[in-house]
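Notes to accompany the following structure.
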Amino acid sequence: MEGLINTYVSNIPDETIFTQEDSQNILEQLDDDLPLVGYYARWADFRGHTPSDIAESMNETMQSFMNEYIVTHLLWILVFIIIGAFCIIRSMDGMKVTKRASRHSRSKFYDE
């Protein structure tokens, strides 16, 4: 992604300081080439950066955001797995108690 951003800004003089609109335009160009980026990031505000450092900054920010997104979703998945496993184990314990109770009631019936 960093290399792609560098190609977008390669013709811009190094003294240029980007505004929010400029960085948003770069993000839109990036979204055209990498559609998943637009799914995770809708807006960009990298004002104050220059063509020499905006690619690295955007790349680091996107990686950080995507890592946070992935970790958050993995934690939610883990929570649902734990809840599901707890419910299944809990229902299995209830079945064992029911079977034992029915066996005891039968044995008592036959004993008498």
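With a cap of 11 neighbouring Cβ atoms within 10 Å, and only residues DSSP puts in a loop, list the chymotrypsin sites (Phe, Trp or Tyr not before Pro) found in the stretch 1-80.
The qualifying sites are Trp43.
Using a basic spin-label model with each label point 7 Å from the Cα along Cα→Cβ, how many nm lie between Asp33 and Asp14?
2.1
Taking only protein heavy atoms into account and a 1.4 Å probe, give the accessible area per residue of the stretch 1-54 in Å².
Roughly 64 Å² per residue, with all protein chains present.
Provide the FRET efficiency to the nearest 0.05 for the Asp93-Tyr40 pair, computing r from the beta carbons and using R0 = 35 Å.
Efficiency, rounded to the nearest 0.05: 0.25.
Once you keep just the Cα pairs under 8 angstrom separated by 6 or more residues, what percentage relative contact order results for the stretch 1-102?
29
Working from the pairwise distances between different alpha carbons, so that the mean of 1/r is found and then inverted, what is the stretch 1-63's Kirkwood radius in Å?
11.4
So if I place +1 on the C-beta of Lys and Arg and -1 on the C-beta of Asp and Glu, and nothing else carries charge, what would the dipole magnitude of the stretch 1-95 be about its Cα centre? I want it in debye, nearest 20.
700
Taking N as the number of residues in the stretch 46-98, what is its alpha-carbon radius of gyration divided by 2.2 N^0.38 Å?
After normalising by residue count via 2.2 N^0.38 Å, the value is 2.23.
The values are calculated or read from the model by the stated rules, or taken from the named source; none is laboratory data. The shown structure was predicted, so the numbers you read here are calculated from the model rather than taken from an experiment. All Cβ positions, even for glycine, are placed from backbone atoms using ideal geometry, and neighbour counts span all protein chains on display. For accessibility, only protein heavy atoms count, side chains too; no ligands or nucleic acids. Shrake-Rupley method; radii C 1.70, N 1.55, O 1.52, S 1.80 Å.
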